[in-house]
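Student: Right, I'll just put the structure down here and ask away after.
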Amino acid sequence: MSERDIFDLTGRTALVTGASQGLGERFAQVLAGRGAAVCLAARQTDKLAKLQKKIEKAGGRAHAVSLDVTDPEAVERSVRQAEEALGPLDILVNNAGVAVTQSFTELAIDEWDKVLDTNLRGAFVVAQAAAKHMAQRGSGSIINIESVLGYTTMKGLSAYCASKGGLSQLTRVMAAELARAGVRVNGIAPGYIETDINRAFFATDAGEKLRKSIPMRRTGAPSELDGVLLLLASDASAYMTGSTITVDGGFLVR
Ligand code: NAD
């Protein structure tokens, strides 16, 4: 049996949106750790500079670009800058996202817009920009960071659930359209992974109640997405497209 690393990403270039913290920060480090040159994209460039240094210190290659996914011109620019700095894009991790908790009847239109503009329109704009470049070259892997809340409901999160439900459909339609061009599109649907997006909530009684409702009776750690990320980013998933993998401690089957 050969010792070939099936998750090897040497020579590949990746773009991770929302890489300044949380899951995106982790995804960037994991991809760089397997040899990918990683373009770190987010609005908070000071945090990105620190992450770039960390990756380089560990022997990896990274480049930071300022990106607001709600701004289509900035998206075009950052995809171009990523390719100029690191080479043609092979992997996109469409990760930037926000959540707003508010009852449906009280939810302001601008809050709705913020969530949909970031999680769904933003993901579409970034994926379209990357897919055009990938399709021209006939290969690429796009990974949409969806959520279990695209598949089930949670009171107070109507905009978030709608955005992630839309994103899960987008994953499948993109996969169908881009397969012939050699571009694979898959999703990861995390359950509750403790990050800044939900840390304050999990410190409350309601958060503890939710934690206990997860069949594994705990939240996940960002590192518990490493395996699925590497599977979808690498040739190990060469025959996979249009799939979303749930990583949720059993939440969806509770
Ligand atoms: P987080 O709040 O720690 O990180 C979100 C990232 O997105 C940040 O880097 C933020 O700067 C970036 N971002 C937000 N708006 C942006 C914009 N307009 N342009 C560019 N970047 C922007 O949250 P997280 O938990 O790391 O979430 C990452 C992704 O994973 C999100 O899409 C989220 O919906 C999804 N997700 C998270 C969980 C979880 O339990 N943590 C579960 C399911 C899905």
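The values are calculated or read from the model by the stated rules, or taken from the named source; none is laboratory data. Because the structure is predicted, anything quoted here is derived from the model rather than measured. All Cβ positions, even for glycine, are placed from backbone atoms using ideal geometry, and neighbour counts span all protein chains on display. Areas reflect the complete protein model, heavy atoms only, side chains present, ligands, DNA and RNA absent. Shrake-Rupley method; radii C 1.70, N 1.55, O 1.52, S 1.80 Å.
Student: Return the long-range amide H neighbours of Gly242 (sequence gap of 5 or more, or a different chain), with a cut-off of under 5 Å between placed amide H atoms.
Tutor: Val185, Asn186
Student: Go through Thr152, Thr171 and list them by solvent-accessible area, largest first, probe radius 1.4 Å.
Tutor: Putting Thr152, Thr171 in descending order of accessible area: Thr152, Thr171.
Student: Right, another one. Stretch Lys53-Gln128 to full length: gain in nm at 0.36 nm per residue minus the Cα-Cα span? Don't jump to the answer; show the numbers that get you there.
Tutor: Details: separation 75, 0.36 × 75 = 27.00 nm, distance 2.93 nm.
Between Lys53 and Gln128, full extension yields an extra 24.1 nm.
Student: Let me ask something additional. Before I look further, what does the chain give for accessible area per residue, probe 1.4 Å, in whole square angstrom?
Tutor: 49
Student: Then there's this: Working out 0.36 nm times the residue gap between Gln44 and Ala181, then minus their Cα-Cα distance, what length gain in nm do you get to one decimal?
Tutor: Gain in length upon complete extension: 46.0 nm.
Student: Could I ask something else about it? In a shell of Cβ-Cβ distance under 11 Å around Asp90, excluding Asp90 itself, what net charge do Lys and Arg (+1) and Asp and Glu (-1) give?
Tutor: +1
Student: Output the relative contact order of the chain, whole-number percent, from Cα pairs under 8 angstrom with separation of 6+ residues.
Tutor: Computed over the chain, the figure is 18 percent.
Student: Ignoring everything but the protein chains, give the 1.4 Å probe accessible area of Glu83 in square angstrom, nearest 10.
Tutor: Per-residue accessible area (Glu83): approximately 40 Å².
Student: How long is the gain from Arg80 to Asp110 if the chain were fully straight, where each residue apart is worth 0.36 nm and the alpha carbon distance is subtracted? Walk me through the numbers on the way to the answer.
Tutor: On the way: separation 30, 0.36 × 30 = 10.80 nm, distance 3.01 nm.
Residue separation times 0.36 nm, minus the Cα-Cα distance, leaves 7.8 nm.
Student: Give the carbon-plus-sulfur fraction of the accessible surface of segment 70-179 in %, rounded to a whole number; probe 1.4 Å, heavy atoms of protein chains only.
Tutor: Carbon and sulfur together cover 52 percent of it.
Student: Let me ask something additional. Based on the alpha-carbon gyration tensor of the chain, what equivalent-ellipsoid semi-axes (square roots of 5 times the eigenvalues) come out, in whole Å, largest first?
Tutor: Semi-axes, largest first: 28, 20, 19 Å.
Student: With a 1.4 Å probe and all protein chains in place, put Ile109, Ile193 in order of accessible area, largest first.
Tutor: Ranked list, largest accessible area first: Ile109, Ile193.
Student: Still on this model: Amide H neighbours of Cys39 under 5 Å, counting only residues 5+ apart in sequence or on other chains, H built in-plane at 1.01 Å?
Tutor: Result for Cys39 returns Ala14, Leu15, Val16, His63.
Student: How far apart, in nm, are the 7 Å Cα→Cβ label points at Thr153 and Arg137?
Tutor: Each label point lies 7 Å from its Cα, and together they span 4.4 nm.
Student: Starting from 0 in steps of 5 Å, tell me what percent of the Cα-Cα pairs of segment 168-249 lands in each bin.
Tutor: Per 5 Å bin, starting at zero, the Cα-Cα P(r) for segment 168-249 comes out as 3, 14, 20, 18, 14, 12, 10, 6, 3, 0 percent.
Student: So which DSSP H runs in the chain come out at 20 Å plus along the axis (Cα) with average Kyte-Doolittle of at least -1.0?
Tutor: Numbers: long enough: 72-86 (21 Å, -0.75); 123-137 (21 Å, 0.35); 158-178 (29 Å, 0.31).
For the chain, where a helix must reach 20 Å along its axis and average at least -1.0, the hits are 72-86, 123-137, 158-178.
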